[in-house]
Amino acid sequence: MIHLLESKGIRVYFIAEDNKNVDAFSIWNNGQPFILLNTYKSAERSRFDAAHELGHLLLHKHGVPRSREAEEQANRFASSFLMPESSIIAQAPNTPTIANLIRLKANWLVSLSALVYRLRSLNMITEWQNRMLVIEINKCGYNINEPNSISKESSQILSKIFNFLKEEGITSSMIAKEIGISFKDFNKLTTGISEISGGNTGISQRSNANLKRIK
């Protein structure tokens, strides 16, 4: 999902995982679309957040306020984008259960909750079935710890940049020190990409940041 967004010119960045007050957000800045994702969420939920923010960028570009209606529109967009109606109808079980939905959600790389939401939006389950499934999801803790979770996605743009800098002798720990944050924090903000680019994870002291704006 992140690679798709980047291939279309959307710049994707990440929020520190200890900031749980913001799931994700998106903005247009001088004609350039940006999406910021929180890294603390599961890979499936992060994919949905990315599609949700894409919905905002497309549907609410011209200043529609982030109202409850706008959020629901973005949710419906993300749900339809990640789980096309035709494939859901073709593969959904006649009698959905938590067990068979856990197996099925891998087809779309979405969370269990997102799949239940999509089934309800397509009227493939009743409101009572939806309520019972949501209750069971919460009871099992699957609303927090996603069952059979997939690996988290990462930015291909950042990976290419870091690998290029590494060839120039610039490591991730050097970048972290230059901008005045610990390597640990830097690694969180880049969703682990810095780990493949080398660097000393022991760096923890902040330096006087020498920041420059890059385009």
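The values are calculated or read from the model by the stated rules, or taken from the named source; none is laboratory data. Computed from a prediction, not measured in an experiment: that's the story for all the values here. Cβ coordinates were reconstructed from backbone atoms using ideal geometry, including for glycine residues, and neighbour counts include every protein chain displayed. These accessible areas exclude ligands, DNA and RNA; they are computed on the full protein's heavy atoms, side chains included. Shrake-Rupley method; radii C 1.70, N 1.55, O 1.52, S 1.80 Å.
Of note:
- Per-selection Kirkwood Rh - region 27-123 (Cα, Å, 1 d.p.): 14.4 Å
- Between residue 76 and residue 129, the FRET efficiency estimated from the beta carbon spacing at R0 = 25 angstrom works out to 0.80.
- Isotropically averaged projected area of region 138-191, using the convex hull of Cα atoms (one quarter of hull area), nm²: 5.2 nm²
- Inverse of mean 1/r across different Cα pairs in region 75-132, Kirkwood, Å: 11.2 Å
- When the surface is traced with a 1.4 Å probe over the full set of protein chains, residue 25 keeps roughly 80 Å² accessible.
- Here residue 159 and residue 58 are evaluated by their C-beta separation; at R0 = 22 Å the FRET efficiency comes out at 0.25.
- Potential lengthening between residue 167 and residue 32 on full extension [0.36 nm per residue; Cα-Cα distance subtracted]: 45.7 nm
- Remark: region 1-138 carries 52 Å² of accessible area per residue (probe radius 1.4 Å; ligands, DNA and RNA excluded).
- Label point 7 Å beyond Cα of residue 102 along Cβ direction - residues of region 121-151 with amide nitrogen under 14 Å: 136-150
- Over region 53-191 - Rg/Rh using Cα atoms and the Kirkwood inverse-distance radius: 1.10
- Environment charge of residue 113, counting only residues whose C-beta is closer than 14 Å and scoring Lys/Arg +1, Asp/Glu -1: +3
- Counting 0.36 nm for each residue step from residue 148 to residue 66 and taking away their Cα separation leaves a gain of 26.3 nm.
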